[in-house]
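Below: one structure, written as structure tokens.
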Amino acid sequence: MKKILILFLLITNFTVKAQKFEFTTLTVYSTTFKNGVGNDLIYTSNSDNSFYLSILKTPNIILAYLYDLKHLKKHTFSVEETVTNGVTFYNFNYEESKPITYYNKKSRQHYIYDFTTIETNDSIEKVHIDVYKNAKRKKSMMTYEIDVQKNKSNLFHAFRIICIHPFEFEERFMYDKKGIVIKAKGKTLNGTPIEHQLLEHKEIVFELTVPKN
């Protein structure tokens, strides 16, 4: 797999007590939901699923949101993007950091995320997922069937962050084998059908630094 080099310049007004986040994977999924189709991308780390970076592009501005799940903080950057000879350059300007107040980790501490292998071959494993409110497993709140392609890293968290709302921040919601989800069909919490397809997966070299508050 070709390694994509992303270079950046971080412009800030701080010099000490900085925190570094290293990203190693760019992942893009398409989602089909209620006759609509949309694409989402994120930057993640192969070795640490406790943070990720999402970029929002509009006609007037590009914003980057770095979600730190370990400390429940959201760091915002304004971004300037240029491409030269196939290399993407990002200029990041730190804007602010805010606590993530709309997520309560304790409210889901008893949830069960159950993974059952349906079939497997040399490269793909089909897996059924059930989400239960507690260990009694009386009724599944949400179901998915996913195709997991073997990979040198466990990249399930990229799929969860992009595709499984409202469980984006649930670090316990993890598949225990190395691989990347390439296709998924499921039902949301209200029973609406939803489908996801992996569009792109690239190895990258990318680091962001933010002030340590």
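Counting only protein heavy atoms and a 1.4 Å probe, segment 166-213 has 51 square angstrom of accessible area per residue.
What's the long-distance tail for segment 142-206, i.e. % of Cα pairs beyond 16 Å? Kindly include the intermediate steps, with their values, before the conclusion.
On the way: 967 of 2080 pairs.
Result for the distance tail: 46 percent.
Near the amide H of Tyr52, within less than 5 Å, lie the amide hydrogens of Tyr67, Leu69, all on another chain or at least 5 residues away, with H placed in the peptide plane. The ellipsoid that matches the Cα gyration tensor of segment 16-131 has semi-axes, each √(5λ) in whole angstrom, of 30, 22, 16, with the longest given first.
Each peptide in 149-162, 94-107 gets a packing score, the mean of other Cβ atoms within 10 Å over its residues, and the list from highest to lowest is 149-162, 94-107.
Comparing Thr192, Thr117, Thr58 in a Gaussian network model of the chain where C-alpha atoms under 10 Å apart are linked, the largest mean-square fluctuation is found at Thr58.
Report the FRET efficiency, 1/(1 + (r/R0)^6), for Thr120 and Glu171, where r is their Cβ-Cβ distance and R0 is 22 Å, rounded to 0.05. Mind showing how you got there, number by number?
Values: r = 26 Å, r/R0 = 1.16.
Plugging the Cβ-Cβ distance into 1/(1 + (r/R0)^6) gives 0.30.
Testing the spin-label approximation: label points 7 Å from Cα along Cα→Cβ at Tyr111 and Tyr65. State their distance in nm. Here the modelled spin labels are 1.7 nm apart. Here the 3J(HN,Hα) profile of segment 116-121, calculated from phi with Karplus coefficients 6.51, -1.76 and 1.60 at θ = phi - 60°, is 10, 6, 8, 7, 8, 9 Hz, Gly and Pro shown as x. For the pairs Lys70/Lys185; Lys34/Lys183; Lys20/Lys202; Lys126/Lys187; Lys105/Lys185, note any where the Cα-Cα span goes beyond 24 Å. Those over the limit are Lys70/Lys185; Lys105/Lys185. Note that segment 57-69 has calculated 3J(HN,Hα) couplings of 10, 10, x, 10, 7, 10, 10, 10, 10, 9, 9, 9, 6 Hz, one per residue in order, obtained from phi through the Karplus relation 6.51 cos²θ - 1.76 cosθ + 1.60 (θ = phi - 60°); glycine and proline are x.
Each semi-axis of the equivalent ellipsoid for segment 65-104 is √(5λ) with λ an eigenvalue of the Cα gyration tensor; in descending order they amount to 28, 10, 6 Å. Which percent of the accessible area of the chain is formed by carbon and sulfur heavy atoms (probe 1.4 angstrom)? Of the solvent-accessible surface of the chain, carbon and sulfur hold 50 percent. Segment 149-213 and segment 57-132 have their alpha-carbon centroids 8 Å apart.
The values are calculated or read from the model by the stated rules, or taken from the named source; none is laboratory data. These numbers were taken from a predicted model, which means no experiment stands behind them. All Cβ positions, glycine included, derive from the backbone under ideal geometry; neighbour counts span all protein chains shown. Accessible surface areas use protein heavy atoms only, side chains included; no ligands, DNA or RNA. Shrake-Rupley method; radii C 1.70, N 1.55, O 1.52, S 1.80 Å.
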